[in-house]
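Heads up: the structure comes next, in C-alpha cells.
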Amino acid sequence: MKILISLQLLGLTLLCVGIFHCQAWPRYTFVVEETPYRRLCSTKNILTVNGQFPGPTLYARMGDTIIVDVYNKGNRNITIHWHGVKQLRNPWSDGPAYITQCPIQPGGSFTQTIMFSSEEGTLWWHAHSDWDRATVHGAIVIYPNRGATYPFPKPHAEFPIILGEWWKEDIGQLYNETIQSGGDPNISSAFLINGQPGDLYPCSKPDTFKLMVDYGKTYLLRLINSAMQEILFFSIANHKVTVVGSDASYTKPFSSDYVTISPGQTIDLLFTADQSPNHYYIAAKAYVGGAVVYDNTTTTAMLQYNGNYTSTSTPSLPNLPYYHNDTKASVHFTGSLRSLADKNHPIDVPRKITTPLFYTLSINTLPCLNNSCAGPNGTRLAASVNNISFVNPSIDILQAYYYHINGVFGTRFPNFPPLLFNFTAQVLPLYLQTPKLGTEVKILKYNATVEIVFQGTNLVAGDDHPMHIHGFSFYVVGWGLGNFDEDKDPLTYNLVDPPLLNTIAVPIDGWTTIRFKANNPGVWFMHCHLDRHMTWGMDVTFIVKNGKGLGAQILPPPCLHANCYKALAVCSWQ
C-alpha cells in the first residue's frame, strides 16, 4: 500500500511538473509598474509592462508553450489576458478578473503558462481588469512550425502596428468617474499608432512613428486594434494592402484600399513599396455607427522610403471612409474575409448543430437614486446579453466551479431572449430598457456543436458590438442588417470557407452568426470588446464540462494543493 501511494504521489508530481515546469520553455518576466510618459504636451504616469508602451512583443511558434512571470509593482489590481490563445484545458492562465482568477494585488505576482495550439499569425496580450489595457498591452507573434512556411511569399520584413487610444487624464480616474456617474466615459484625447499620436496632434510631430521601407520590397504588417472604445478605419496613402490573415488564422488574400478593425481584432497585411520614393501618411480614425459621442481625430504615422530623393511637400492623407455611420464600408471589409481552406490549412465548420443559441445584445438603463446619474433621464447606463447584465462575483468562477463552491454563480443563462420584440425598431417601449442583474453562466456539454446568432438591438441606442470569446476561435458563417430571419437568413450562410476568428463586430442594428465546437473544457469568458459595454455587463461566462478521457479534462491548477493556489480566497475589490 505504501508503494502504491508513493507511486500515485510521484505521478501527480510529474504531471504538475510536466505541465508547468519540467520542459525548458521560454520564460518572460512582466513587471507591471507606473512609468511617466509624455504625450500631447503633458506628462502623466501610466501603467506599463517593463516600462514599455506598448509593451514587449512575445514570440513563439505554433504549438509552443511559454511561461510569463507577472509581478505587480503598480498601484492597483491587475490581470493579464492572452487574447486569442485558446489555452487548451488551461483556463487557470487565461486572465480575466473574477472569471478565472482573482486580480494580482499590488506587490503580488502570478506565473502564467501560455499554451499555443493551432494559432498561427498575430495575436496580442492585454490587461483584463478595469480599463488598464489602455496602456498595458503588446503583440504576440506566432510563427509557423520549423520547416513550414507562410502560405504567401516571404516578406522582406515584418512590423507590428498597434492602434490605441490616449486620454490626458489618468485611466483609473476615468474608469472611476464613469462608474460613479453612470454615464458614457469621456472620449479619448487622441488615437495612437505604436504609442504615438502623430503629427496632426500638438507636441507630437518629432515622435511620429516612422516605417522605413525599400522600393520594390514587400512587407508584412501585423495590425492590432488595442483601442478601448472604437472600431477603426486604417489605410496607407497611395498604397493598397493585401489581407492574408486575421486573429492568427490565414485568409484568402484580397486587396483593399482600407481596413476595418475592431477592438481586440488582429489583421495581417502585405503591402509592396511600389510608389515613387517619398513620404506617405499611414492613418487611422474611428468608425462609429451609433448615436454616441466619439473621438473624431486622426492618428498618423509616416511611411518613408529609404534612398536619396527630393521629398515633396506635406504628404496627403489616405482616403478613409467617413467617421460616422459608414456602416456599408465597415461591413464590406469584414464581409470580405474568407478562410484559406486549402489542403495545408483545412477547416472544420460544424454542420449539425446540437446547441443553438440566440443572444440579443442591448444597451440598457438602470434606475438611479433621485435620477442623479448621467445616463438618459438621470438613469445609469447598463448593457446586457439576453436581458441579463453580468455582475462580477466575489470568488472567481473557475475556482468556484473547480472546487465545487456553491452560491457563486447560477446556471440558468437563457438560450433565447426572454423578451421578444422588433429588436431594431426606431422606437421601443421604455420598459424594455431595464435588464436583470445576475451572475448566470451557460453550461456547454463537451464536444457540443454550438451556433450563436448575435442580434443587436436598438434599445437606448443601437451600436456595433465586437464580440470576443476566450478559449475558442469560431467560424463566422453569416451576417446581415436588420432582424435575423430564421427561415431565410440561414440559407445565405457560408459553410465552405467562412473566416476563423476570435473577435467579430456585430453590425449596428444587425446580426452575426458564429459556429464552434465546445472541445476545450474549462471556464471561458465571452464579452463585447468595447470596454464601456463590457463594464456595463455585456458579458457571458461559458463553462464547458469535462469529457471522457484525460485529454478532455481541465488541467489541474499550477499547484495541486489549495494553500498554494488559495482556492478559497475571496477576491479583493478595489
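Please pick out the residue among L58, L10, L88 that is at pLDDT below 95 and either over 20 Å from the mean Cα position of the chain (by Cα) or under 25 Å from P103 (Cβ atoms) (or both). Before the answer, list the steps.
Working: L58 fails: at pLDDT below 95; L88 fails: at pLDDT below 95.
Criteria check complete, one pass: L10.
Annotation: P263 fulfils all but one of (1) within 25 Å of E158 (Cβ to Cβ); (2) surrounded by fewer than 23 Cβ atoms within 10 Å (Cβ to Cβ); the unmet one is (2).
Per-residue answers, yes or no, for (1) open to solvent by less than 40 Å² (accessible area, probe 1.4 Å); (2) outside any loop (DSSP other than H, G, I, E, B); (3) more than 29 Å from T251 (Cβ to Cβ); (4) of a type in the set (G, A, S):
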residue	(1), (2), (3), (4)
R133	yes, yes, no, no
A148	no, no, no, yes
E169	no, no, yes, no
E177	no, yes, yes, no
P185	yes, no, yes, no
S188	yes, no, yes, yes
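Would you kindly identify the strands (runs of 3 or more DSSP E) lying entirely within the range 195-238 that contain at least 2 residues that are surrounded by fewer than 17 Cβ atoms within 10 Å (Cβ to Cβ) and touching a strand residue (DSSP E or B) at 6+ places or on another chain (Cβ under 8 Å)? Break it down into steps so the answer makes sense when it comes.
Details: elements: 210-213, 218-225, 231-236.
The qualifying strands (runs of 3 or more DSSP E) are 210-213.
Just a yes or no: is a residue in the range 136-144 of a type outside the set (D, E), more than 29 Å from A382 (Cα to Cα), open to solvent by 10 Å² or more (accessible area, probe 1.4 Å) and not in a loop (DSSP other than H, G, I, E, B)? Yes: the range 136-144 contains one or more residues that are of a type outside the set (D, E), more than 29 Å from A382 (Cα to Cα), open to solvent by 10 Å² or more (accessible area, probe 1.4 Å) and not in a loop (DSSP other than H, G, I, E, B). Out of the residues in the range 449-504 that are part of a loop (DSSP other than H, G, I, E, B) and aliphatic (A, V, I, L, M), state the one that is least open to solvent (accessible area, probe 1.4 Å). Looking at the filtered set, the residue picked out is L459. If you filter the range 310-367 down to residues that are open to solvent by 60 Å² or more (accessible area, probe 1.4 Å) and hydroxyl-bearing (S, T, Y), you find that the one that is nearest to W511 (Cα to Cα) is T354.
Consider the range 300-329 and keep the residues that are in contact with a Pro (Cβ under 7 Å, 6 or more places away or on another chain) and in contact (Cβ under 8 Å) with a residue 60 or more places away in the chain. The one that is farthest from Y150 (Cα to Cα) is T327.
Within the range 159-167, identify whether any single residue is touching a strand residue (DSSP E or B) at 6+ places or on another chain (Cβ under 6 Å), of a type outside the set (D, E) and more than 30 Å from N325 (Cα to Cα), and answer yes or no. Looking for residues that are touching a strand residue (DSSP E or B) at 6+ places or on another chain (Cβ under 6 Å), of a type outside the set (D, E) and more than 30 Å from N325 (Cα to Cα), one finds at least one in the range 159-167, hence yes. Out of all the residues in the range 106-124, is one or more part of a loop (DSSP other than H, G, I, E, B), within 29 Å of G438 (Cβ to Cβ) and charged (D, E, K, R)? The answer is no; no qualifying residue exists. Look through the range 368-395, keep the residues that are under 23 Å from W511 (Cβ atoms) and of a type in the set (S, T, N, Q), and return whichever of them is surrounded by the most Cβ atoms within 10 Å (Cβ to Cβ). Going through the qualifying residues, I end up with S384.
Of the candidates I114, I142, I161, the single residue that is β-branched (V, I, T) and more than 26 Å from G471 (Cβ to Cβ) is I161. Can we say T65 is in contact with a strand residue (DSSP E or B) (Cβ under 6 Å, 6 or more places away or on another chain) and open to solvent by less than 50 Å² (accessible area, probe 1.4 Å)? Criteria met by T65.
Taking the stated definitions as given, is Y359 among the hydroxyl-bearing types (S, T, Y) and at pLDDT 95 or above? Give the derivation first.
Working: among the hydroxyl-bearing types (S, T, Y): yes; at pLDDT 95 or above: yes.
Considered against the rule, which asks whether it is among the hydroxyl-bearing types (S, T, Y) and at pLDDT 95 or above, Y359 comes out as yes.
Would you mind finding the one in F333, F421, F358 that is part of a loop (DSSP other than H, G, I, E, B) and under 30 Å from D184 (Cβ atoms)? It would help to see each step written out before you state the result.
On the way: F333 fails: part of a loop (DSSP other than H, G, I, E, B); F358 fails: part of a loop (DSSP other than H, G, I, E, B).
Unique residue meeting the criteria: F421.
Restricting the search to the range 534-549, which residues are part of a helix (DSSP H, G or I) and closer than 19 Å to L398 by Cβ? Matches in the range 534-549: M534 only.
Condition check: open to solvent by 30 Å² or more (accessible area, probe 1.4 Å) and of a type in the set (A, V, I, L, M, F, W, C). Does L550 satisfy that? Against the criterion (open to solvent by 30 Å² or more (accessible area, probe 1.4 Å) and of a type in the set (A, V, I, L, M, F, W, C)), L550 qualifies. Of the set (1) surrounded by fewer than 16 Cβ atoms within 10 Å (Cβ to Cβ); (2) in a helix (DSSP H, G or I), all apply to Y401 but (1). Only one entry in N386, N370, N364 is at positive phi and either in contact with a strand residue (DSSP E or B) (Cβ under 8 Å, 6 or more places away or on another chain) or among the basic types (K, R) (or both), namely N386. Only one entry in T354, T310 is modelled with pLDDT under 90, among the β-branched types (V, I, T) and more than 24 Å from the chain's Cα centre (by Cα), namely T310.
Check the range 96-117 and report whether any residue there is among the hydroxyl-bearing types (S, T, Y), open to solvent by less than 10 Å² (accessible area, probe 1.4 Å), under 26 Å from P557 (Cα atoms) and out of contact with any Pro (no Cβ under 6 Å at 6 or more places or on another chain).
Yes - at least one qualifying residue is present in the range 96-117.
When the range 416-448 is filtered for residues that are open to solvent by less than 20 Å² (accessible area, probe 1.4 Å) and either in contact with a helix residue (DSSP H, G or I) (Cβ under 8 Å, 6 or more places away or on another chain) or within 30 Å of L550 (Cα to Cα) (or both), the ones remaining, listed by number, are V441, L444, A448.
For (1) part of a strand (DSSP E or B); (2) out of contact with any Asp or Glu (no Cβ under 9 Å at 6 or more places or on another chain); (3) under 22 Å from L398 (Cα atoms); (4) open to solvent by 10 Å² or more (accessible area, probe 1.4 Å), each residue gets a yes or a no:
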residue	(1), (2), (3), (4)
W511	yes, no, no, no
R515	yes, no, no, yes
V523	yes, no, yes, no
M526	yes, no, yes, no
R532	no, no, no, yes
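The values are calculated or read from the model by the stated rules, or taken from the named source; none is laboratory data. Given the structure is predicted, the values throughout are model-derived calculations rather than measurements. So basically every Cβ, Gly included, is an ideal-geometry build from the backbone, and we count neighbours across all protein chains shown. In case anyone asks, the SASA skips ligands and DNA or RNA and just uses the protein heavy atoms, side chains included. Shrake-Rupley method; radii C 1.70, N 1.55, O 1.52, S 1.80 Å.
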